[in-house]
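Asks: To start, I am sharing the structure in question, which I have written as structure tokens.
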Amino acid sequence: MTKQVLHLKAPENWINDPNGFIYYKGKYHLFYQHFPYAPVWGTMHWGHAVSDDLVHWEHLGIALFPSKEYDKNGVFSGSALEKDGKLYLYYSAVRYLETDPENIHHAFREQYETSQAMLISADGYHFDNWHAKKQIIPVIRDDVMADATHTRDPKVWKEGEEYFMILGSTYREETGRALLYRSSDAIHWEYAGQHRNPKYGRILECPDLFRVGEQHVFIGSPMYILEDGLEYRCQAVCALAEFRPEDAALSLPDTYQFVDYGLDLYAPQTNLDQEGRRVMIAWMRMPRTAETEEGKQWNGMMCLPRVVEVEEGHICFRVHPEVEKWFSREIPVIAVSVGDRPYRLKTTLKEGEKLDIGGYRIRISEDRVETDRSQVYEGIKGHRVTASTPKLGGEYRLDIFVEPNLIEIFINDGAYVLSHVVYDLKPYISGRIEQALTGRS
Ligand code: FRU
């Protein structure tokens, strides 16, 4: 089976969100939304990959696929939990009310309904799609409570002696909302409350709620958020949240940070790593399909694993120590050979200074890091090409990870991260680089 390093990519054809990310019985398991037949979105399956270190990944094929009336048109996003040594997988089960006659992998006019389901695996390698699935929350048809179509992406966790589930939803496709459920056995779920907030888009997808020290952090992917009068289609956000486990009361602030200040990162999911660090991984959306050396078409990849920390009320996403380790084992290269191998560049810039990585331009302007990918995004219509961070207070330490289709810039130790999908990077770097490292696969 396909092996990959640093970034998990579609083994072939299409992937989107990370699902069921967990350290379980000595291995990291990462599942992902997968359409195995073509490099486009379609009937969703869960693909499966494992890793010892979050750096080297091995694809294991398809774990979950549609097999029941309630999930016959898609096994949508969800999460994983370990209980009694078993792996519990939770997902959204999709059933089309009407199928597009020209493409059976799409619902006709968004006519579909969603329920929540689970599958229990005894070992994390065998998934009995015929006997081990169970529908746990039927379609909710009362729109005061939820939305029959857009209620999805169960994230499940244990807090105290109880299990909680957060779901993304909408109020009449106008206001994002999150639903909370609770359970004592992680199988039978009871509705516990909800939080609506118009600042969180029209539909909220892939919510995640977890503790970092004494605080709760919320991460979510709102669709159609309005920012500075600009309509961002979908952009992952994070904020410190108020969550009271006793009555499952959740409240989200009206202002948030972006998980990433680029334009492509979406649907993040977190879990604890082997050492108890909170690690985030997310899908990088690709507007154009790429090709492997063997000529296989692939679309969709994951960002580097990032450690979530809170520093003075600010949420940071740091380089994971295993990624550090992988690059530190390497001999620093003076003249970086800018080929197909991933590499890392470190530098500190000043106001007005520029860097050009194979056509991807970075500069410091008005106290922000600004990027322009127009030269490495040619022919792609309808997508923004420039992005910037908020003001940085005069400090511009950049730690940049480059690979043929992705550039990730960690700024000031991950106080902000800005990442972009790119195509056809040219083989040059210009500007002041203090350290360049390349990795061994
Ligand atoms: C987010 C999302 C999820 C959904 C999945 C379907 O990218 O739309 O809300 O479960 O993708 O593939």
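Asks: Expressed in nm to one decimal, what extension gain is obtained for the pair D100 and K86 from 0.36 nm per residue of sequence separation less their Cα-Cα distance?
Replies: Gain on extension, D100 to K86, equals 1.2 nm.
Asks: Then there's this: Given a 1.4 Å probe and every protein chain left where it sits, what share in percent of the accessible area of the chain is carbon and sulfur?
Replies: 48
Asks: Please report the equivalent ellipsoid semi-axes of the chain, computed as sqrt(5 x eigenvalue) of the Cα gyration tensor, largest first, in whole Å.
Replies: 34, 24, 22
Asks: Provide the packing ranking of 14-26, 243-255, 191-203, i.e. peptides ordered by the mean count of other C-beta atoms within 10 Å per residue, highest first.
Replies: Most protected by this proxy first, the peptides run 14-26, 191-203, 243-255.
Asks: For region 95-177, which chymotrypsin sites (Phe, Trp or Tyr not before Pro) are in a loop by DSSP, counting at most 10 other Cβ atoms within 10 Å?
Replies: Here the chymotrypsin sites (Phe, Trp or Tyr not before Pro) that fit, given the DSSP loop and packing criteria, are W130.
Asks: What does the C-alpha gyration tensor say about the overall shape of region 89-222? Classify as rounded when a/c is under 1.5, otherwise prolate if a/b is larger than b/c, or oblate.
Replies: It is oblate, given that a/c is not under 1.5 and a/b is not larger than b/c.
Asks: If you don't mind, another one. Please sort by residue number the GluC sites (Glu not before Pro) in region 47-149 whose DSSP state is loop and whose Cβ has at most 14 other Cβ atoms within 10 Å.
Replies: Answer by residue number: E98, E102.
Asks: Put +1 on the Cβ of each Lys and Arg and -1 on the Cβ of each Asp and Glu in the chain; which of A117, Y96, I364 then has its Cα farthest toward the positive end of the dipole?
Replies: Of the options given, the answer is I364.
Asks: Under 8 Å for C-alpha pairs, at least 6 residues apart: give me the relative contact order for the chain, rounded to a whole percent.
Replies: 11
Asks: Would you look at the GNM of the chain, springs on alpha carbons closer than 10 Å, and say which of G276, G124, G168 moves the most?
Replies: In the Gaussian network model the winner is G276.
Asks: Which value, in Å², gives the accessible area per residue of region 329-439 when a 1.4 Å probe is used on the protein heavy atoms?
Replies: With the other protein chains kept in place, region 329-439 gives 45 Å² per residue.
Asks: Please give the per residue accessible area of region 3-322, computed with a probe of 1.4 Å over protein heavy atoms only, in Å².
Replies: 39
The values are calculated or read from the model by the stated rules, or taken from the named source; none is laboratory data. Everything numeric here is computed off the predicted structure, so don't read it as measured data. Please note: Cβ atoms are built from the backbone with ideal geometry, for glycine as well, and neighbour counts cover all protein chains shown. Note: areas computed on protein heavy atoms with side chains; ligands, DNA, RNA excluded. Shrake-Rupley method; radii C 1.70, N 1.55, O 1.52, S 1.80 Å.
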